[in-house]
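Visitor: My questions will all concern the structure given below.
What follows draws every value from the coordinates through simple rules; no lab data is involved. None of the values given here were measured: they were computed from a predicted structure. Cβ atoms come from the backbone with ideal geometry, glycine included; neighbour counts cover every protein chain shown.
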Amino acid sequence: MADNSTAIKTKNHESYLDYKGKHSGLLGWILSTDHKRIAILYLVVISAWFLIGVVIGFLIRLELLTPGGTIVGAQTYNAFFTVHGIIMLFLFVIPGIPAIFGNFFLPIMIGAKDVAFPRLNLLTWYLYVIGGAFVIIAIFLPGGAPDSGWTFYIPYSIRTSTNMIITLSATFILGFSSILTGLNFIVTIHRMRAPGMGWFKMPLFPWALYATGWIQVIVTPIIGITLLLVIVERVFGVGLFDPSLGGDPILYQHLFWIYSHPAVYIMAVPAMGVITEIITVYSHRTIFGYKAIAYSSLAIALLGSLVWGHHMFSSGMSDTANFVFSLLTFLVAIPSAIKVFNWTATLYKGSIELEPPMLYALAFIFLFTIGGLTGIMQGTLSLDIHLTDTTFIVGHFHYIIFGTAGFGLFGGLYHWFPKMFGRTYNKKLAKVGFWILFTGFNILYFPMFVMGWLGMPRRSYDYLPEYQSYQVISTVGSWILILGLILIVYSFIKALRSGERTTEKNYCGGETLEWKVETPPIHENFYEIPIVTGGPYEYKQNELEPEGVN
Amino acid sequence: MEDKEEQSLNNHSYSAYIITWLALITLTAITVAVAGIDFGNAIIVIALIIASIKTYLVLTIFMHLKLENNTLKVFIIIAIFFLIVTFALLFSDYSNY
Amino acid sequence: MSLEENTAVHLHKDDKASKLGMWLFLLTELTLFGGLFLMYAVYRFTHQAEFHIAAKSLNTFIGTLNTSILLTSSLTMALSITAIRKGNKNLSLSFQGITIFFGLLFLLNKYFEWSHEINIGNFPGSESLLSKSQGEILFYGLYYVMTGLHALHVIIGMIVIAVMMRFTMKNIINRNDNFKLEAAGLYWHLVDIIWIFLFPLFYLIS
């Protein structure tokens, strides 16, 4: 990718971390409309929520160590899995990669100074924080923490006396934040690409964000209105979903999953984008099947929006609907598999460097494949009857969601950390952390497949003694996983505090535009807006040395 | 692109809007009048067709969509396509009620 | 997109980006109401006869009147943009004012309509409504939620247009720079479109 001079030099050459705008100190951050600073704001708050979610997850596993009550009662357990779900989904994985890496790198990768609507961008962060505050209020207000499960199924979510209204409002606000982020990215990609950067010269991470943006914009309003209606029904007693007023609880499930299934792709597709970047960089090889990966992102967005019914196979849908949704579910496997094959083909004959980000990328492929194949099992009507509401499902979606969004996030963070903060991290520590996390992950979630196959129900606080051996293995796995997470968090904190400073622009031999800007990037990213002439991944095959940096 | 903006200045004269408005009011009158006749279940189809024509007029003329570039048109088609497909899939559950 | 088309991209102000953003926002409004229309479709399909009975109490005349009011307000909104583009500031201001006035008129009618329903006991949770069939309860549930949410949008639209009037007075919106007014207009027309569908679905099925 060659860039020549075009525009006038920007005034400020300071790194975005030192840049002084209208405000200084903390205000200079929380009032900044710089996309990079907003990304860091998101990173801080999202990490905090993630750690809270992890603690609750740890408590859930601890409770399941023995049959019957171990550390908490049944009602608290219900609150645990509800709050764990709400935090991990709405406050961690859904905003996760788009809000952090999307904000930070989308403008840089397409050669822009910022996103299309910087102030709107900051607003999304505030909405996110307010939504999070609502969740905290819902947990601690006297009525009791929400206990309906993160799916808020009718009629229980109308009847329960816990703090449902605030929880639903929190989700509504978070949805708003997500929509505006998606909207902003779509417009940014349409309008802000550097001169010469055609659609097919755009790196694949922006492509993934583009597909994600569309899912966010089109389907999120549906859950917004649905949850709003549950609030209206609770407050005013309007007959909408409540079966005692003639409502149809199955219709609620339809509307809920019309958003919440595509939401899985809001989590997964950006992570796939991150992984694509990592794989091509650390195998020093041009990505295999660029267009196939770009189109498959769009195909996943499209097909993923049409398969929500597979969450309801045992809810009593018509046979026609069961058949149609099962068929469509199998179809989503096609674009997903296209991606996996293209990643593997990129690795083939590449000069692979097993750096920490690459380890996460490879683990991503492994975990995503297991999660995906078990997903196909559940898409099969006859099997799903057996597997519905067992821990098999729990295992499946943790492999998919944690395995993609979580590993994609850690991988991306190691990949881009020196670029974002201008400091290097301890690679050995990062690798040890990875292996412990990966081992713990599989020990934690794999027994859930076995237990579930044998009939262990999910969301159950008590269980029959014959499941205990699996539960114990799983709980021990959670301890290992958390040990890994502690090491990972420690590696980042240590790098931030005492990591060696670096200003090397291209420390990993990447070819996309973020490797051509300063480390850390200057206030408006580029001294002059680049003119793009080549494609995003022009490695000479099997090249060992990183290409020259200008 | 600049040409189109020039056009939008000239094309959307007061009279074009007033004609559109007359058409919209006429269509409203038609849909009310037709509702009085007993067409059975076809009535909903007729009502929705008339509403769609009205929407088309508002979109293309009042909202200047006629003069916009294709990107915007594709955006709108995506949203409408999504709603129609969702409707169809939803009714795959309710069709044999 | 060609190279030339992209060159205007990094200018400080990009109306085309704003327009794309505005339309995307309108699409989110569309799918927001879309969720409600999906609900309406399902409940109407499963409770056809009861919906017909329930709709009898709604006044077709008020509904038709309100439809005409909103359509006319859309006209005045569109005219106000043409006026400002022709440099006719005062005419544009009066058209914007008339649009707000029509919005008020619409809400006033809505108010009479809702009070009428509430007076005869057709409101959520009332005993007379609860004694009716489930289909009728659902019809009124949807009626209040959908027209209520629509009325909320009318109110927001009126506030936005009022702000636009202030911008026009201060010449922030002028002959050459009038995207803000256009965006407000787009929003107002979308509210109109939603009513175009609400009207036959609630008032013309008895």
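Visitor: Residues with amide H under 5 Å of A:Thr390's amide H, sequence separation 5 or more or different chain, H placed in the peptide plane at 1.01 Å from N; which?
Guide: For A:Thr390, the qualifying residues are A:Arg458.
Visitor: Can I ask one more? Can you list residues whose amide H is under 5 Å from A:Arg423's amide H, if they're 5+ apart or on another chain and H is modeled 1.01 Å from N?
Guide: Distant-sequence amide H within range of A:Arg423: A:Thr502.
Visitor: Size of the dipole of chain A about the Cα centre, Lys and Arg at +1 and Asp and Glu at -1 on the beta carbon, nothing else charged, in debye to 20? Before the final figure, lay out each step's value.
Guide: Working: 31 positive and 29 negative charges, 207 e Å.
The dipole of chain A has a size of about 1000 debye.
Visitor: Next question, about the same structure. Sort A:His415, A:His84 so the one with the fewest other Cβ atoms within 10 Å of its own Cβ comes first. List each step's numbers first, then the result.
Guide: Numbers: A:His415 25, A:His84 20.
Ordered from fewest to most neighbouring Cβ atoms within 10 Å, A:His415, A:His84 come out as A:His84, A:His415.
Visitor: Separate question: Got a sec to turn the phi values of the range A:231-243 into Karplus ³J(HN,Hα) couplings, 6.51 cos²θ - 1.76 cosθ + 1.60 with θ = phi - 60°, whole Hz, x for Gly and Pro?
Guide: 4, 4, 5, 5, 7, 9, x, 6, x, 10, 10, 4, x
Visitor: Oh, and also: When you count, for each residue, the other Cβ atoms within 10 Å and take the mean per peptide, how do A:462-471, A:365-374, A:401-410 rank with the highest first?
Guide: Details: A:462-471: 15.5, A:365-374: 18.8, A:401-410: 25.8.
So the order, starting with the most tightly packed, is A:401-410, A:365-374, A:462-471.
Visitor: Sticking with this one: Just checking the output field for A:112-125: average partner chain Cβ neighbours within 10 Å of each residue's Cβ? Before the final figure, lay out the partial values.
Guide: Numbers: counts 2, 1, 1, 1, 7, 4, 0, 0, 2, 0, 0, 0, 0, 0.
Per residue, the number of nearby Cβ atoms from other chains is 1 on average.
Visitor: Once R0 is set to 60 Å, what does the formula 1/(1 + (r/R0)^6) return for the Cβ-Cβ distance between C:Leu65 and A:Gln75, expressed as a FRET efficiency to the nearest 0.05? Please list the in-between numbers first.
Guide: Working: r = 54 Å, r/R0 = 0.89.
After rounding, the FRET efficiency stands at 0.65.
Visitor: Return the equivalent ellipsoid semi-axes of the protein assembly as shown as a descending list in whole Å, where each equals the square root of 5 times an eigenvalue of the C-alpha gyration tensor.
Guide: On the way: eigenvalues 400, 273, 105 Å².
Output for the protein assembly as shown: semi-axes of 45, 37, 23 Å.
Visitor: Once amide H atoms are placed 1.01 Å from N in the peptide plane, what residues at a sequence separation of 5 or more from A:Ile522, or on another chain, have their amide H within under 5 Å of its amide H?
Guide: A:Tyr16
Visitor: With the cut-off at 1.5 for a/c, could you classify chain C from its C-alpha gyration tensor as rounded, prolate or oblate? Show your work: numbers first, answer last.
Guide: Values: a/c = 3.21, a/b = 1.89, b/c = 1.70.
Because a/c hits 1.5 or more and a/b exceeds b/c, chain C counts as prolate.
Visitor: Among C:Ile156, C:Pro124, C:Asn66, whose Cα sits farthest toward the positive end of the charge dipole of the range C:65-206 (+1 at Cβ of Lys/Arg, -1 at Cβ of Asp/Glu, about the Cα centre)?
Guide: C:Ile156
Visitor: Same structure again: Take the cross-link list A:Lys22/C:Lys19; A:Lys505/B:Lys73; A:Lys516/C:Lys16 and give me the ones stretching past 32 Å between alpha-carbons.
Guide: Violating the 32 Å limit, Cα to Cα: A:Lys505/B:Lys73.
Visitor: Please give, to one decimal in nm, the separation of the simple spin-label points placed at C:Ile155 and C:Lys86, each 7 Å out from Cα toward the Cβ.
Guide: Placing both labels 7 Å along Cα→Cβ, they lie 3.6 nm apart.
Visitor: Then there is this: To the nearest 20 debye, what is the magnitude of the charge dipole of chain B about its Cα centre, counting +1 on the Cβ of each Lys and Arg and -1 on the Cβ of each Asp and Glu? Let's see the in-between values first.
Guide: On the way: 4 positive and 7 negative charges, 37 e Å.
Dipole about the Cα centre, nearest 20: 180 debye.
Visitor: Taking Cα centroids, how far is the range A:176-221 from the range C:56-87 in Å?
Guide: Cα centroid of the range A:176-221 versus Cα centroid of the range C:56-87: 35 Å apart.
Visitor: Treating only the Cβ atoms of Lys and Arg (+1) and Asp and Glu (-1) as charged, compute the dipole magnitude of the range C:31-203 about its Cα centre; round to the nearest 20 debye. Numbers along the way, then the final one.
Guide: Numbers: 11 positive and 8 negative charges, 157 e Å.
Its charge dipole is roughly 760 debye.
Visitor: Go ahead and run the numbers for FRET between A:Leu31 and B:Val74, Cβ-Cβ distance against an R0 of 45 Å, rounding to 0.05. Could the numbers behind the result be given before it?
Guide: Values: r = 36 Å, r/R0 = 0.81.
Calculated value: 0.80.
Visitor: Is there a simple number for the mean count of other chain Cβ atoms within 10 Å of the Cβ of residues in A:314-320, and what is it? Provide the component values of the computation, followed by the final result.
Guide: Numbers: counts 0, 1, 1, 3, 7, 3, 6.
The mean count of partner-chain Cβ atoms within 10 Å per residue comes to 3.
Visitor: Which whole-number percent is the relative contact order of the range A:269-390 (Cα, under 8 Å, 6+ apart)?
Guide: Details: 102 pairs, mean separation 47.8, N = 122.
Result for the range A:269-390 is 39 percent.
Visitor: Just add up the charged neighbours of B:Tyr17: K/R +1, D/E -1, any other residue whose Cβ is under 15 Å from the Cβ of B:Tyr17. Display every interim value, and only then the final one.
Guide: On the way: positive: B:Lys54, B:Lys66, C:Arg85, C:Lys86; negative: C:Glu182, C:Asp192.
Residues close to B:Tyr17 contribute a combined charge of +2.
Visitor: While we're looking at this one, here's another question. Put +1 on the Cβ of every Lys and Arg and -1 on every Asp and Glu Cβ in the protein assembly as shown; which of A:Thr188, A:Gly239, C:Ile193 then has its Cα farthest towards the positive end of the dipole?
Guide: A:Thr188
Visitor: Further question: Expressed as a whole number of Å, what is the distance separating the alpha-carbon centroids of the range C:174-196 and the range B:43-97?
Guide: Computed from Cα coordinates, the inter-centre distance equals 19 Å.
Visitor: Please report the relative contact order for the range A:343-452, taking Cα pairs under 8 Å with a sequence separation of at least 6, and give it as a percent rounded to a whole number. Mind showing how you got there, number by number?
Guide: On the way: 86 pairs, mean separation 44.5, N = 110.
Reported as a whole number, the value is 40 percent.
Visitor: Moving on. Of the options A:Leu298, A:Trp29, A:His261, report the single residue whose Cα projects farthest towards the positive end of the charge dipole of the protein assembly as shown (beta-carbon charges: Lys, Arg +1; Asp, Glu -1).
Guide: A:Trp29
Visitor: Hey, got the average number of other protein chain Cβ atoms within 10 angstrom for residues in C:46-59? Working shown, then result.
Guide: Working: counts 5, 2, 2, 0, 1, 0, 0, 0, 0, 0, 0, 0, 0, 0.
Per residue, the number of nearby Cβ atoms from other chains is 1 on average.
Visitor: So which lysines pass the test for C:Lys56, namely a Cα distance under 30 Å, with those fewer than 8 places away in the same chain ruled out?
Guide: B:Lys54, C:Lys110, C:Lys132
Visitor: So for the pair A:Trp435, A:Ile385, with labels modelled 7 Å out along Cα→Cβ, what separation do we get in nm?
Guide: Once both label points are built, they end up 4.7 nm from each other.
Visitor: Okay, next question. Spelling out what I want: for every residue of the range B:79-85, take phi, set θ = phi - 60°, compute 6.51 cos²θ - 1.76 cosθ + 1.60 (Karplus), and round to whole Hz; glycine and proline get x.
Guide: 5, 5, 4, 4, 5, 5, 5
Visitor: Which lysines have a Cα less than 22 Å from the Cα of A:Lys349, not counting those fewer than 8 places away in the same chain?
Guide: In chain and number order, the partners are A:Lys291, A:Lys339, A:Lys540.
Visitor: Hey, how many Å between the Cα centroid of the range A:378-400 and the Cα centroid of the range A:425-476?
Guide: If we compute the Cα centre of each part, the gap is 16 Å.
Visitor: Tell me, what HN-Hα J-couplings in whole Hz come from the Karplus equation 6.51 cos²θ - 1.76 cosθ + 1.60 at θ = phi - 60° for each residue of the range C:143-159, using x for Gly and Pro?
Guide: Taking θ as phi minus 60°, the curve returns 4, 5, 5, 6, 5, x, 5, 5, 4, 4, 5, 4, 4, 4, x, 5, 4 Hz for the range C:143-159.
Visitor: Any idea what the relative contact order of chain A is, in percent, if you count C-alpha pairs under 8 Å spaced at least 6 apart?
Guide: On the way: 963 pairs, mean separation 117.5, N = 550.
In percent, rounded to a whole number, it is 21.
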